[in-house]
Structure formats: structure tokens, C-alpha cells
1. What is the set of long-range amide H partners of residue 131 at a cut-off below 5 Å, with H atoms built 1.01 Å from backbone N?
2. What is the gain in length, in nm to one decimal, between residue 42 and residue 170 on full extension, counting 0.36 nm per residue of separation less the C-alpha to C-alpha distance?
3. Considering only C-alpha atoms, what is the centroid distance from region 103-120 to region 125-148, in Å?
4. Using R₀ = 35 Å, calculate the FRET efficiency as 1/(1 + (r/R₀)^6) where r is the Cβ-Cβ separation of residue 31 and residue 103; round to 0.05.
5. Please list 162, 122, 151 from largest to smallest accessible area, probe radius 1.4 Å, with all protein chains kept in place.
6. With a 1.4 Å probe and all protein chains kept in place, how do 28, 65 rank by accessible area, largest first?
Amino acid sequence: LSKFVGSGADRPGLAARSPISNAVIRQMTDAVGDRNPIYTDEAFARGTIHKGIVAPPLWLFSWMMPGLQPEAEEAQLEDGTTYFHLAPSGQRRTVVERRTIRDELNEVLEAHGYASPAVTNMAYTYIRYLRPGETPRFSSWIIDEISGPKMTKLGEGFFASMSMNVFVGDETVATIRQRYLRSKPVARDARKTANVSTSDSVPAPPPAD
């Protein structure tokens, strides 16, 4: 596993699907009930140190979400109507799928039985706010550290710490760090059937009045 430490910086990153917009910012703040006017009120925001509307830092990671995209193939009904299938909810867009160093690390761990994933924490460092019209770009994951094997409540596993830088143009605007665990599934104790009542041992209910 040591060969993975420090790797990933040379992998292609991912740009946001579209530039940050006031409309999307408003949808985000509506979703969580955030009424801070620096996110939605242009006149108010111009009078602050921001000198204009800024995007909520809370949503930094969401700008890299690829969203859904119709499948490439089309089909026709008997009447000649052309239709397409929409990817199921939560499925990533295949056109932007890129293997990262994390994918390769997970394959190695899974091959040795460490197949259960669990994210333990994420940390964000914000250098500045993002603004409408900017298109953030995310680097590929970089493996910073791997430790283990360690025994946890989830079983024996390895902890991997990764980082990702966020850019606008050539400017670094934020860093995302994630630590996750890949463990061997813990076998559940077999239930003792001797203590489990069966239908034969359950007393019959009393007759109805």
C-alpha cells in the first residue's frame, strides 16, 4: 500500500458542470433555510466586505456533483416516436467518469478482503468565497496517508487520508480533506436457535369469550 502514498496529483481533475449562478445559490439556500442576504441580495451584498453576492461555503463539494444525463442510445416506438432512457437517480454521468487513485487503492484493499467502506470525517479549508460566474475546478484525489491494519468496531481495516484542491483558473480557493476506512466485514454471531421460540412451543391463546 505504501506505493499509493503521495500519488494522484497527476490524474485529471473535474470541472464543475456549469458556472456558479445566482439561481442555483438561491435553490441551495432555500433548501436549508439559510436567509443570509450576502447569498441572494445583490444590493445588500455590495455594501459588505464581499462587494457582491457570494456562494455559500457549505455547498463547496456539491459543485463537483456530475448530475444525471440521458443514456447515449435512443429507441423508437412502433409509431416512430423517438425516446431515451434517463439514468436512475443517483447514477453518475458516465461521460465524466474518471478513475482516480482512490479507485485503484480500493481495488487493492477489496482484493485482500477490506471491502466495507466508511467515511470517518471530511474537512474543508476555505481560502476565499466563490462567486457567481466562476467555474470551480477540482483536482483528483491525492493519497496523503495510509495507516493500519487497525481493529475497529467495524472490523479490522485500513484508514486512508486524501486531499483535493479546488481552483478557479490557476488560483487555489479551497482544499477538501477526507479520511475513510476500508474494513473486513465483521461476521455476525449466529443466533442461538435453542432460545428462539417456535410455533410449537408458543402457548395457544385462551378461547374467546
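The values are calculated or read from the model by the stated rules, or taken from the named source; none is laboratory data. These figures come from a predicted structure and were not determined experimentally. FYI the Cβ positions are ideal-geometry reconstructions off the backbone, even for glycines, and counts take in every protein chain you see. Side chains included, ligands, DNA and RNA excluded: accessible areas come from the protein's heavy atoms. Shrake-Rupley method; radii C 1.70, N 1.55, O 1.52, S 1.80 Å.
1. Distant-sequence amide H within range of residue 131: 55.
2. The residue 42-residue 170 span can extend by a further 43.4 nm.
3. 23
4. Numbers: r = 30 Å, r/R0 = 0.86.
FRET efficiency, residue 31 to residue 103: 0.70.
5. On the way: 162 0, 122 70, 151 145 Å².
Greatest to least solvent exposure: 151, 122, 162.
6. Accessible-area ranking of 28, 65, largest first: 65, 28.
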